[in-house]
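Visitor: Please read through the structure below; I'll follow up with questions.
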Ligand code: MN
């Protein structure tokens, strides 16, 4: 029997839809499905854990997926919040920044998606464009209404650095991606390398060179992997690295 690696997926705090709205921890089902379909054992990580419990949990994991979600508190990277900032969650920021730093330091296989990519950059000292549409008005559209545009619809191309982990995984110098982010990487952390960009120059993927597997993508491969094989390889690559780790 082959060893199935245990992959932590970051969750967030929400509330039960009916009164009395009991607090919940949750994550997107698509992340869980993608890890299971790639051969991993998915577990949801609660952002409310104490630092000690979080570290003890991380030490049991073979790999980590930092999921999408609301914005990171801009004061963490030294900026005043832009009016479009939404979904701030102090506990989630604290937990995920610690997880990203831990994965970077321990060579733990790490796949970051959307907010997760922004977390990795901020955790290692980078900063963010707080709102692409207002701060870079010449940029392409990167945010769509999810009730109008299906999540699995690709909306822009990316250019991929072939001399990178992402380049190896997609096995091409280009790809088509979906896009629902209103923020992007501004100052890239010294430890990171940009490995994909949109036609307008917006950063779409980052990596830690020399790490066994530390990749962040700004798009949502969890909605594409069952129709685009190169996107399935982001998840199977994480699982393969976690098996070797
Ligand atoms: Mn985009």
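The values are calculated or read from the model by the stated rules, or taken from the named source; none is laboratory data. Small disclaimer: the values here were computed from a predicted structure and weren't measured. All Cβ positions, glycine included, derive from the backbone under ideal geometry; neighbour counts span all protein chains shown.
Visitor: Can you find even one residue in segment 231-245 that is at pLDDT below 95 and either within 22 Å of residue 84 (Cα to Cα) or out of contact with any strand residue (DSSP E or B) (no Cβ under 6 Å at 6 or more places or on another chain) (or both)?
Guide: There is at least one residue in segment 231-245 that is at pLDDT below 95 and either within 22 Å of residue 84 (Cα to Cα) or out of contact with any strand residue (DSSP E or B) (no Cβ under 6 Å at 6 or more places or on another chain) (or both).
Visitor: Is it fair to say residue 21 is exposed (fewer than 15 other Cβ atoms within 10 Å of the Cβ), in a loop (DSSP other than H, G, I, E, B) and modelled with pLDDT of 95 or more?
Guide: Answer is yes for this residue.
Visitor: If we only count helices (runs of 4 or more DSSP H) wholly inside segment 127-245, which ones have 2 or more residues that are touching a residue at least 40 places away in the same chain (Cβ under 8 Å) and buried (at least 20 other Cβ atoms within 10 Å of the Cβ)?
Guide: 165-170, 229-244
Visitor: Follow-up question, since we're still on this one. Is it fair to say residue 160 is more than 13 Å from the ligand (Cβ to nearest atom), in contact with a strand residue (DSSP E or B) (Cβ under 7 Å, 6 or more places away or on another chain) and at pLDDT 95 or above?
Guide: Yes: the conditions hold for residue 160.
Visitor: Can you list the strands (runs of 3 or more DSSP E) lying wholly within segment 25-118 that have 2 or more residues being within 21 Å of residue 181 (Cβ to Cβ)?
Guide: 63-66, 110-113
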